[in-house]
1. Could you tell me whether any residue of the range 157-168 is crowded, with 18+ Cβ neighbours inside 10 Å, under 25 Å from A206 (Cβ atoms) and within 21 Å of the chain's Cα centre (by Cα)?
2. Which number in (1) over 26 Å from D129 (Cα atoms); (2) among the polar types (S, T, N, Q); (3) in contact with a strand residue (DSSP E or B) (Cβ under 7 Å, 6 or more places away or on another chain) marks the one condition that T221 misses?
3. Would you say L169 is outside any strand (DSSP E or B) and at pLDDT 95 or above?
4. Filter the range 115-146 down to the residues that are in contact with a Lys or Arg (Cβ under 8 Å, 6 or more places away or on another chain) and at pLDDT 95 or above and list them by number.
5. Starting from residues that are of a type in the set (S, T, N, Q) and more than 10 Å from the ligand (Cβ to nearest atom), keep the ones in the range 52-81 and report whichever is surrounded by the fewest Cβ atoms within 10 Å (Cβ to Cβ).
6. Suppose we keep only residues that are within 12 Å of the ligand (Cβ to nearest atom) and of a type in the set (D, E, K, R) within the range 82-99. Which one would you say is nearest to Y220 (Cα to Cα)?
7. One residue is enough: does the range 126-149 have a residue meeting the conditions surrounded by 21 or more Cβ atoms within 10 Å (Cβ to Cβ), touching a residue at least 24 places away in the same chain (Cβ under 8 Å), under 22 Å from the mean Cα position of the chain (by Cα) and not in a helix (DSSP H, G or I)?
8. Evaluate the following for S236: is it more than 19 Å from F123 (Cβ to Cβ) and not aliphatic (A, V, I, L, M)?
Amino acid sequence: MSTGKTDDSLIMTEVQTGESDRDGRPDRTVIETRDLDVYYGEDQALRDVSIEIPEEKVTALIGPSGCGKSTFLRCINRMNDQVDVCRVDGDVIFKGKNVYDDDVDPVALRRKVGQVFQKPNPFPKSIRDNVTYGLEVQGQSATDEDVERALRGAALWDEVNDQLDSSGLDLSGGQQQRLCIARAIAPDPEVILMDEPTSALDPVAASKIEDLIDALVEEYTVIIVTHNMQQAARISDKTAVFLTGGELVEFDDTATIFENPDDSRVEDYITGKFG
Ligand SMILES: Nc1ncnc2c1ncn2[C@@H]1O[C@H](COP(=O)(O)OP(=O)(O)OP(=O)(O)O)[C@@H](O)[C@H]1O
């Protein structure tokens, strides 16, 4: 297949940031927002959000309902373009390039920044066609190897390799979500956005997705919205805490956020005093 991390049409310089990491390498910023304000009509959903998301790490976004977590995710791959009343001010820099620049093609952007949603949403098509869709929508043909690679990457191959022509809708909820992850990774993205990907699943299926996220981050950057504080603590390297009004209150290593946050509002939120 012709996709891959060598296609740098959207990619400019990379930015070095801090020091902590999974495997000894220094952090590199893959996405940076600067002074990001987002409005729906007159209502402001995000307020002056500046953050640097490290590459090949899991960053969790937590905070009470309505604080703008999903809005933030949708800014990164410009899904908010599809909301007429939505206005975005400020910069969203993906590997050095502002994704809101006029010369950025949102479809190409979404190949590099894939998304998985709360409710598994496979197409009413075969398992194979669900996986190849992400490539074909970009005008690329997909081989059997591409299908196998994506399904293996989503820890689903062993369960479905003898039924690739069956409907994706016949799979269990957890398998459907892993199929959606396979669809997202088929075009070989850099970043995978996940909006509460386990909240519609039973605990066993959710645990498989958590294990999968741990494996995916060897190759991809994962940004996950979750309401499940234990999940954020278990799977993420960094945690960003948003609070009502769309303010990013604190962003730090997950251990620091959960054990020793700077802001008392974060402690109150985490200990369940509000939100
Ligand atoms: N399409 C839309 N049109 C108008 N307002 C919207 C739209 N989407 C979100 N909002 C508003 O923007 C604010 C932030 O919503 P958002 O869904 O980003 O929050 P959230 O933190 O992800 O919430 P939740 O945890 O409940 O999913 C809310 O006040 C919400 O009502």
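The values are calculated or read from the model by the stated rules, or taken from the named source; none is laboratory data. As the structure is a prediction and not an experimental result, all values here were calculated from the model. With ideal geometry, Cβ positions are generated from the backbone for all residues, glycine too; neighbour counts draw on all protein chains shown.
1. The answer is no, given that none of the residues of the range 157-168 is crowded, with 18+ Cβ neighbours inside 10 Å, under 25 Å from A206 (Cβ atoms) and within 21 Å of the chain's Cα centre (by Cα).
2. Among (1) over 26 Å from D129 (Cα atoms); (2) among the polar types (S, T, N, Q); (3) in contact with a strand residue (DSSP E or B) (Cβ under 7 Å, 6 or more places away or on another chain), T221 violates only (1).
3. On the way: outside any strand (DSSP E or B): yes; at pLDDT 95 or above: yes.
It is true that L169 is outside any strand (DSSP E or B) and at pLDDT 95 or above.
4. So the first thing to find is which residues in the range 115-146 are in contact with a Lys or Arg (Cβ under 8 Å, 6 or more places away or on another chain), and the list is 122, 130-131, 133-134, 138.
Of everything in the range 115-146, those that are in contact with a Lys or Arg (Cβ under 8 Å, 6 or more places away or on another chain) and at pLDDT 95 or above turn out to be P122, N130, V131.
5. Here is the first cut: in the range 52-81, the ones of a type in the set (S, T, N, Q) are 59, 65, 70-71, 77, 80.
Those still in the list that are more than 10 Å from the ligand (Cβ to nearest atom) too: 59, 77.
Values: T59: 24, N77: 22.
The selected residue is N77.
6. First pass over the range 82-99, keeping only residues within 12 Å of the ligand (Cβ to nearest atom): 82-87.
With the extra rule that they be of a type in the set (D, E, K, R), the set shrinks to 84, 87.
Numbers: D84: 31, R87: 29 Å.
Selected residue: R87.
7. No, there is no match, as no residue in the range 126-149 is surrounded by 21 or more Cβ atoms within 10 Å (Cβ to Cβ), touching a residue at least 24 places away in the same chain (Cβ under 8 Å), under 22 Å from the mean Cα position of the chain (by Cα) and not in a helix (DSSP H, G or I).
8. On the way: more than 19 Å from F123 (Cβ to Cβ): yes; not aliphatic (A, V, I, L, M): yes.
Judged against the criteria, S236 is a match.
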